[in-house]
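**Student:** Here it is: the structure, laid out below.
The values are calculated or read from the model by the stated rules, or taken from the named source; none is laboratory data. None of these values were measured; they are calculated from a predicted model. A quick note on method: Cβ atoms are made from the backbone with ideal geometry, for glycine too, and the neighbour counts reach across all protein chains shown. Protein only, heavy atoms only, side chains kept; ligands, DNA and RNA dropped before computing areas. Shrake-Rupley method; radii C 1.70, N 1.55, O 1.52, S 1.80 Å.
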Amino acid sequence: MTLASVVPLHQRESIDQERPILIDPGTYDAVLVSWKVNYSGYFRKHVLLMHFRIVAMGKFYGVVLPAWFNVKHPKSKTTIKAGWRSDFLRMYQECFNIQLKRTDRISMAPFNNVLLNVEVVTIKKDTKGQPLGKINHYSRIKRCLSVTQ
């Protein structure tokens, strides 16, 4: 029995997004697939989780990778709140060449329907700084570098 016969099509992508994937580090063209803000009880803070699909032709075409950013408690389900010195805010301003006047209502609309150049890194340590076995290494998006479209 295969995954396709057990899990309906609309649920497969969410399962695939949970499984860590390892690809070569570097820069790739990608598009934003989804985003949401979660509260991490372990870290006691809000985390923006974004999923990007690699669309650069090659052996990693179609791979979906996560990106995590620390943010503040959101007041809306359509915007992000982040600190002036946060990685997310700095990446956002640089990537879209937008100088924000306030940080409590950062629109996610600029990510819609654009091709982004993203930096992929390999994670080799766990949250406690302990080395992961090579079999457990995985990739994530570190940041969006620019809009390429």
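**Student:** Taking interchain pairs and intrachain pairs at least six residues apart, which have beta carbon atoms under 6 angstrom, with the first residue in region 117-140 and among the aromatic types (Phe, Trp, Tyr) and the second assigned to a loop (DSSP other than H, G, I, E, B)?
**Tutor:** 138/20; 138/22
**Student:** What are the pairs with Cβ atoms under 8 angstrom where one residue, in region 57-82, is free of Cβ contacts under 8 Å to residues at least 24 places away in the same chain and the other, located anywhere, is open to solvent by 40 Å² or more (accessible area, probe 1.4 Å) and not hydrophobic (A, V, I, L, M, F, W, C)? Sequence gap at least six, or different chains.
**Tutor:** 62/53; 69/87
**Student:** Mind listing just one residue for me: the one in region 113-136 that is part of a loop (DSSP other than H, G, I, E, B) and open to solvent by 90 Å² or more (accessible area, probe 1.4 Å) and, of those, farthest from residue 51 (Cα to Cα)?
**Tutor:** Out of the qualifying residues, it is 130.
**Student:** Would you mention how many residues in region 27-50 are over 14 Å from the mean Cα position of the chain (by Cα), under 21 Å from residue 125 (Cβ atoms) and surrounded by 12 or more Cβ atoms within 10 Å (Cβ to Cβ)?
**Tutor:** Total satisfying the criteria: 2.
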